[in-house]
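The values are calculated or read from the model by the stated rules, or taken from the named source; none is laboratory data. The structure displayed is predicted, hence computed values, not measured ones. Here the Cβ positions follow ideal geometry from the backbone for every residue, glycine too, while neighbour counts run over all protein chains shown. Just the protein is used for accessible areas: all its heavy atoms, side chains included, with ligands, DNA and RNA removed. Shrake-Rupley method; radii C 1.70, N 1.55, O 1.52, S 1.80 Å.
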Amino acid sequence: AGRRLGVDASTIGRRVARLEAAMGAALFLKTPQGYQITPEGARLIAPAEAAEQAASAAAEAVTREAGLTGQLRIGAPDGCANYLLPQVARDLCAAHPGLEVQIVALPRVVNLTRREADMAIAVSPPDTGRLVVQRLADYRLHLAGHRDYLARHPPLRGLEDLRGHRMIGYIPDMIFDRELDYLSATGVETAQISSNSVAVQMQAVRAGAGLGIVHDFAIPFAPGVERVLTDRVALKRSFWMIRHADDRASRRLTLLAEAVAQGLRAELARLEQQLSATGDGRT
């Protein structure tokens, strides 16, 4: 809480102690695993969130003409966080100098209910929770390898030739979303080099360690990486924006969500167009 609010942890402790004294009830219990909220504290959550939203709405009304300011935290899978969101954040901060953008790259689904972020990008829509879901854009993935690796290994004419190649992919038991099960599209069951991070997989491909399914939008960041068997292995996935339902009342967050969505679509299109212009791809 101290890190999130930008104050010392002891200050948070004193504030909680004063609040507990004023309420005449213990709001948190200290345990070996950390602080746990009490039933009395849990009953304060909804009124506190309502007060926070009212205060935010008042601040927005006062500062509306001054542009978007404050902190924005975006949670995203690391492929999106590494290759798309930095450029989106750059443009947002250039347009709104008072804005602070934080990008949380996680190899799992960001929990908005626990307020891990203000909004999240995901590769599949959630089916539970009080959330607002918006489809952002489709993106494409292909099998790829570095040109040096391809020159040293047998040619690829069909999927059956993959048996003679080293594969790179996800650690099977750390695939947190079924949409990330890319390797099954190749018919190969095991990756000799694996990681729970898309960026690590791409770096392995770039290092000439083998073949992997990579995002088209990431290839412009990896000189020498070329798509292969493009007529046989071509995947399409989607990005979704997820927000907490209560945040619909915030004009600031709504405007920021629109700006992030537009920026991500534009950057995705730019990178995929850049790749198409190079005409790479071995069939």
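Could you work out what % of the accessible surface of segment 111-228 is carbon and sulfur, using a 1.4 angstrom probe and leaving DNA, RNA and ligands out of the count? Each step should come with its number before you reach the end.
Numbers: 2640 of 5620 Å².
That share works out to 47 percent.
Would you mind getting the accessible area per residue of segment 139-237, heavy atoms of the protein chains only, 1.4 Å probe, in Å²? Don't jump to the answer; show the numbers that get you there.
Numbers: 4590 Å² over 99 residues.
For segment 139-237, the per-residue accessible area is 46 Å².
May I ask you to derive the relative contact order of segment 2-50, considering only C-alpha pairs under 8 Å and at least 6 residues apart, and to give it as an integer percent? Intermediate values should be presented prior to the final figure.
Values: 27 pairs, mean separation 9.8, N = 49.
Reported relative contact order: 20 percent.
Of Leu44, Leu162, Leu268, which is the most mobile in a GNM of the chain whose springs link Cα atoms less than 10 angstrom apart?
Most flexible of the set in this elastic network: Leu44.
With the Cα gyration tensor of the chain giving a ≥ b ≥ c as the square roots of its eigenvalues, does the rule (a/c under 1.5 for rounded; else a/b larger than b/c for prolate; else oblate) give rounded, prolate or oblate? Mind dumping the intermediate values first?
Working: a/c = 2.84, a/b = 1.95, b/c = 1.46.
Prolate, since a/c reaches 1.5 and a/b exceeds b/c.
Which of the three applies to segment 139-237, rounded, prolate or oblate, going by the alpha-carbon gyration tensor with a ≥ b ≥ c and a/c under 1.5 meaning rounded?
Working: a/c = 1.35, a/b = 1.22, b/c = 1.11.
Taking the square roots of the gyration eigenvalues as a ≥ b ≥ c, segment 139-237 is rounded.
Taking a 1.4 Å probe, which of Val198, Val109 shows the most accessible area, and what order do the others take after it? Don't skip to the answer; put the middle values down first.
Working: Val198 15, Val109 85 Å².
Order by accessible area, largest first: Val109, Val198.
Over the chain, what is the percentage of antiparallel beta bridges among all DSSP beta bridges, to the nearest 5?
Here the share of antiparallel DSSP bridges comes out near 65 percent.
When the Karplus curve 6.51 cos²θ - 1.76 cosθ + 1.60 is applied with θ = phi - 60°, which whole-Hz ³J(HN,Hα) does each residue of segment 74-86 get, with x for Gly and Pro?
10, x, 7, x, 5, x, 5, 5, 7, 10, 10, 5, x
Given points 7 Å out from each Cα along the Cα-Cβ axis, report the Arg3 to Thr190 separation in nanometres with one decimal.
Result for the modelled spin labels: 3.8 nm.
If you roll a 1.4 Å probe over segment 2-50 with all protein chains in place, what percent of the accessible area is carbon or sulfur?
61 percent
Would you please put 215-225, 13-23, 238-248, 130-140 in order of how densely packed they are, using the mean number of other Cβ atoms within 10 angstrom per residue and starting with the highest?
Put in order of decreasing packing, that is 215-225, 238-248, 130-140, 13-23.
Taking the full set of protein chains and a 1.4 angstrom probe, give the accessible area of Ser184 in square angstrom, rounded to the nearest 10.
My reading of the accessible area for Ser184 is about 70 Å².
Over the chain, what relative contact order in percent results from Cα pairs under 8 Å that are six or more residues apart? Write out the running numbers ahead of the final one.
Details: 438 pairs, mean separation 62.3, N = 283.
22 percent.
Normalising by the residue count of segment 139-237, find the relative contact order in percent from Cα pairs under 8 Å and 6+ residues apart.
Taking the mean separation of contacting Cα pairs over the length of segment 139-237, I get 51 percent.
222 nm [θ] for the chain, helices only, -39500 (n - 2.57) per DSSP H run of 4+, per residue, to 500?
-11000 deg cm²/dmol
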